[in-house]
Structure formats: C-alpha cells, structure tokens
1. Could you give me the residue pairs with C-beta distances under 6 Å whose first residue belongs to the stretch A:138-152 and is facing chain B (nearest Cβ under 7 Å), whose second residue is of a type in the set (D, E, K, R) wherever it lies, and which are 6+ apart or on separate chains?
2. Just the residues that are part of a strand (DSSP E or B) and more than 13 Å from ligand 1 (Cβ to nearest atom), please, taken from the stretch A:21-42.
3. Can you tell me which residue among B:R210, B:R246, B:R192, B:R224 is under 15 Å from B:G314 (Cβ atoms) and either of a type in the set (D, E, K, R) or not assigned by TED's automatic domain parsing to the domain that holds B:L360 (or both)?
4. Go through B:A107, B:A140 for me and flag whichever is within 30 Å of A:K133 (Cα to Cα) and more than 14 Å from chain A (Cβ to nearest Cβ).
5. Which residue out of B:S26, B:S79 is facing chain A (nearest Cβ under 10 Å) and open to solvent by 50 Å² or more (accessible area, probe 1.4 Å)?
6. Does A:D212 satisfy the criteria of being more than 16 Å from ligand 2 (Cβ to nearest atom), part of a helix (DSSP H, G or I) and under 16 Å from A:V45 (Cα atoms)?
7. Is there any pair linking a residue in the stretch A:93-107 that is of a type in the set (F, W, Y) to one that is within 13 Å of ligand 1 (Cβ to nearest atom), with Cβ under 8 Å and at least six apart or on different chains, and which?
8. Take A:L165 and decide whether it is over 25 Å from B:A340 (Cα atoms), touching a Lys or Arg at 6+ places or on another chain (Cβ under 9 Å) and within 8 Å of chain B (Cβ to nearest Cβ).
Amino acid sequence: MRAAQASTSEAPLIRVRGLENRFGQHVVHEDLELDLYPGEILGVVGGSGTGKSVLLRSIVGLLRPRAGRIEVFGEDLQSLSADARSRLERRFGVLFQRGALFTSLSLQENVALPLIEHAGLARADAEALARVKLALAGLPGEAAIKYPAELSGGMIKRAALARALALDPEALFLDEPTAGLDPIGAAAFDRLILTLRDALGLSVFLVTHDLDTLYTACDRVAVLSRKRVLVADRLDVVAATDDDWIHDYFHGPRGRAAQRAANPVEDP
Amino acid sequence: MTEPGHIDQQDGRLAIAGDWTLVHYSTLKRQVERLAGSREPSHQGIDLERLDALDTAGAVLLMELVGPAALAAIDDWASDLPATRRALLRTLGEAMADNQPPTARPARPLRDTLARTGQMVEELWQQQRQLLGFIGQVLATLAATAWRPGRWRITSVVAQLHQTGLNALPIVALLTFLVGAVVAFLGATVLRDFGATIYTVNLVAFAFLREFGVLLAAILLAGRTASAFTAQLGAMKANEELDAVRTLGLDPIELLVLPRVLAMMLTLPILTFVGMLSGILGGALVCLLALDISTAQFLAILERDIAVQHFLVGIGKAPVFAFLVAVIGCLEGFKVSGSAQSVGEHTTSSVVQSIFVVILLDAIAALFCMEMGW
Ligand SMILES: Nc1ncnc2c1ncn2[C@@H]1O[C@H](COP(=O)(O)OP(=O)(O)OP(=O)(O)O)[C@@H](O)[C@H]1O
Ligand SMILES: [Mg+2]
C-alpha cells in the first residue's frame, strides 16, 4: 500500500537548513536540517520537550528562527510580502497540539471559516462542505452545531483535523493528531491520512508519539534529539541507527509490539 | 488538463468532466442542484471517464449526485477509476452513509421573542440570587479563615495590593485632580453671581470628602480591577484550572477570591484618601490661580468649616464598595463558560454591574446621611 514516493532526486517541498531556535538561554534547535518531499508522510519523533512543536511552528512561520533558512514551496516565508505569504499559507493545513479551535464558533463554523474566507464559498455551501469534512474526521452529524467547550478531548482533535483539511492543503502539519484518540479512531485516522495522501498527493509533517502510526502511515521518520535531526530516513534504517535513545524507542516493549503488529512475519 | 469541471448530458447519460475542485465549487454546485431537482441520487447513467482533477470538495459534489451509498460501493460501478481515487470516494461515502445532519429547530419569531424576554428577566433574578449567595459564601470563608492565621494568604494579598492599589495610584490621583479643578471652576462660575466665590472652597471639600473621592476611585477600580478579576478567573475557568484547584482539595474561594477581596478592601480606602487629597489639591490650585484665594486662606477655611465627619462618611463607604466590586468581578469570572466570547461577555457584565452597584449604593447612602443629619 505504501507508495515509495520519497526519492531524494525530487526537489523538497520544505527545506530547513542551519535552523537555530532559542528561548532566552535555552537553545532548542541548533544547526538543524530537514527536508519534506512532495507526497510523503514524514513522521517526526523525539522525547517530550525536544522541540517538535517548535520546529513545526517555525516551518509554518509562526516563530521567527534565530538563524538558518526555511524554504517552503521554494520560497523563504520570512522574506515574503504579507500578501504572498498569505497566499502561501493557504496551501498549509495545521493541526495544533491542543486543537486551537475557535471557541466562540460551532464546529461547522470553525471548518467553514477558511472555506468562506479563502475559497469564497457562500456560507450555506461552506457549512455543508464543513459537515462532510467533520464526518470524514470521524465525528457524528449532530456534533457539527456543537461548540468546542461541549466536546471531549478526542472530538476536539478530530474537529481540528477537519479544519486543517478544510482547503485540501498541499502540505499538512499535524502535531500529535492521534494523542487522545481511542485506538479504533487512531487506526481510522492513519487510514484517512493515507487515503488522502494517495488521492490528493498531500505532503504530511506528522509529529507523533504513536508507534502504530509510525509503522502504518509514515514513509520516512525523522528523529529529533540533542537539538538537531539525528536521522531522517525509512523506518528500518532509522530503527537500526546506533543511538541509545533510538534503540530504546524502537526496541523497547512498545516499539517491539508496534513492529510486530505492523509486520507479523518479520519479527525475529 | 485545466478544463473547469462540468456535467455533459448526452442520450440521458451524465458525463462528469473536467476539474472537480474547490476552485470550481460554486459553478459545479449550481449544475448539481439543477440536476438534483429532476432525478433521484443514483449512479445510474453516470460516467466518470473524463474526470480530471478531483479533491474532497469535488468528491462531495459527486456524492450529492450519486448518493453516499452508491459512493461507498464505487468499486462496483466505476472500477476503471484509479484505485487511489476510488479509495477517496469510498472513504467519503462510508463516512457520510450513516451521518444524520443536525436538525435545526424551526424558527418561531413571536414565541422566541417572548421566550428571550422571559429568559432575561429570569436571568436578572437569578443573577441577584447568585450574587447574594456568593457574598454569603465569601463571608463564611472569611469567617472560617480569620481565626487561623496559618491559612492567611499574605503573599497573594500583597501581590494583589500591588496590582490593584499601587499601580492604580497615578491614574486615580490624576483623575481626581482634574475633576477637583473642574468642580472648582463650576463653583466659581455659579457662586460669582452671588458674590460668594469664597464658598468654592467648601464646595470642593464637601464634594470630595463625602462623595467624589470614594466614587471616582470606586468607579475606576470597577473598570480597572473588576474586569481584570473576571478575565483572570474566567480564563482559569475556561482552562479547567478552577476544577484542578477543587480536585486538589483546595477551596477556590479561599485561594483566589479572598485575597482579591481583601486586597481591594485595603486598597480602595487608601485610593479614596489619595483621591480626596488630590481633588482638593486641584480645587486649591484653581482657587489660587483663578479666584485669588491663597493656599493659607484655603486651609484656614477648610479647618474652620469642614468637620471630620464628612471625611468619615466618605471613607466609610470605601470598604463596602470595594467588597462589592471585588465580589462581582470574581463571581462573573466563575460564571464564564468555555469560550473566548463568554470571557468577553462576563467581563463587560462585571464592569457594568459593579459601576451600577457603586452608584446605587452611593445614592442610598447620600439619602440616609442626609436624613440622619450626618
Ligand atoms: N514560548 C516558549 N517560551 C519558552 N520556551 C518555550 C516556548 N515554547 C517552547 N519552549 C521550550 O522549547 C522546548 C521544546 O518545546 P516543544 O513544545 O517543541 O516540545 P515538543 O517536542 O513538542 O514536546 P511534546 O512532545 O511534549 O509536545 C521545551 O523545552 C519548551 O520548554
Ligand atoms: Mg509538542
């Protein structure tokens, strides 16, 4: 099922070089390099606080890096005019770690907002489309007119995914999308991302702690540790990398279980 | 390649052609709706061979044309479509197959208006009840902690004192100074006709000691601090921090409300005193510059004519106002529900309510003092 689209010959969609981020004295990234190729699903893993969310925020331009260059669709976000930047940002879909839904809008209004603002749809059309996106993300129909405060944590994640998908973005940034989902929902989520990627050719930057997602959905995995990307490669290559953290991560009890579940025959 | 999406009708068959994407959504939607009037949704007679680009928006329109069930079974009737595209359409069909649209309530204008009016009256009544209940709760907590110095939260009272008192000093002083000058000007203008400009001194002193000092300071705190209390506690409520406080076995009233209330009750008398002084100062300056009443003369008149009871009447109201303003600010914060909009609504409500209560009480107090001859 997995399409091996990640070929290094293609020009990357996102190119990060020499990135440095710090908060006061606290250095989060130093000389970090990362590529995201068109049509691939890149899993980004790392311990808590290693700067995965900060990396995501700097790529989508919410955080101005101290040093380094981030090219998105071949252009440097920070040096663009506001107009050009807004046009570029329309091609992004972002799911934030805590959902970040607009609390004073109902779910369908949350998802319809970008459709009305950017795609110029009429409100009724946008809301009808929004309801379908919510259903795709696995929410029941009656949830569409609820407000974020009335939802469970997992439902917020799903609604945030629907909003990230609203404009069928070319680049999808997901910060721990399956955290807080039930395992059935998480598996359905993996399938949905794969289906969308295959049909629409999305590129996905997927921050996750979910080993099953890593095994079922990701083409490549980037490991963030010690302020940089240690490796970014196919899963088997990453898992075989000689590093204590990586070894513990992939060969700990949970890593082994997820691997067994993904390829039942190959298990040694 | 980039032909806009459209539907070709030939010999009773519908050929889906061109790009079915978000960009062409409005035109496609119109065509689909026109067709939907004349036929039941089904996949009969639909050809997908000439379909170019397709995204989820286009897929949704296709679904309106053929129905979710037919879309879920796309493999049976459009097997020549690429597998990836079929997967998308199938996923969409399956997601929508048993998805009931939310039922909107029919609008009944007259009934809804009546219901809203009733609801508002009911809410007004409930609000007063809640306020009284909350005051009781705060007083009970105060009484319970008063005898146990170990549970006094000195640090947070001091922090609140800093924010609500010290930081508000300059603005209170400036405001009352200006109003003092204005009152003196008013007095001078009106009293000149009677040749009694000297009584401007009495006017300013009376006004500021009895009413304006405390009223201006209280209104300023209502705008500045009650709103801050509501926004702080409201954001905490929305973020479930208040629930966390409760589950940790702590009392939010003791932890969050009491320090704020106590700080306000200490702050407002001090601010009132400052307000009185700087209001009188403003008046004195106008007297000096516009009426040729020297400062020594001003002070002499103050000493001779103004009894200390006027000061006591003024400053005595301060703790009461402070208590109510703080309690209203905190209570509105507790009433916030999850949304950002609700924080805004309750902040507005807390400022309006506290200013209203302050002015109402002040009017009642003025009446009472007049009758008592104080
Ligand atoms: N706004 C900020 N101000 C100061 N420090 C910050 C800020 N945002 C993040 N940090 C710090 O940057 C580091 C990386 O944070 P980040 O949120 O990227 O972690 P993460 O890898 O996403 O972790 P998790 O897996 O727990 O989500 C942390 O040490 C955090 O304390
Ligand atoms: Mg994070």
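1. A:A144/A:R131
2. Matches in the stretch A:21-42: A:D31, A:E33, A:L34, A:D35, A:L36, A:I41, A:L42.
3. Exactly one of B:R210, B:R246, B:R192, B:R224 is under 15 Å from B:G314 (Cβ atoms) and either of a type in the set (D, E, K, R) or not assigned by TED's automatic domain parsing to the domain that holds B:L360 (or both), namely B:R210.
4. B:A107
5. That would be B:S26, the only listed residue that is facing chain A (nearest Cβ under 10 Å) and open to solvent by 50 Å² or more (accessible area, probe 1.4 Å).
6. In short, yes.
7. That search, which allows pairs on different chains as well, returns A:F96/A:D175.
8. no
The values are calculated or read from the model by the stated rules, or taken from the named source; none is laboratory data. Keep in mind it's a predicted model, so treat the numbers as computed, not measured. Cβ sites come from the backbone with ideal geometry, for glycine too, and all protein chains shown count toward neighbours. Areas reflect the complete protein model, heavy atoms only, side chains present, ligands, DNA and RNA absent. Shrake-Rupley method; radii C 1.70, N 1.55, O 1.52, S 1.80 Å.
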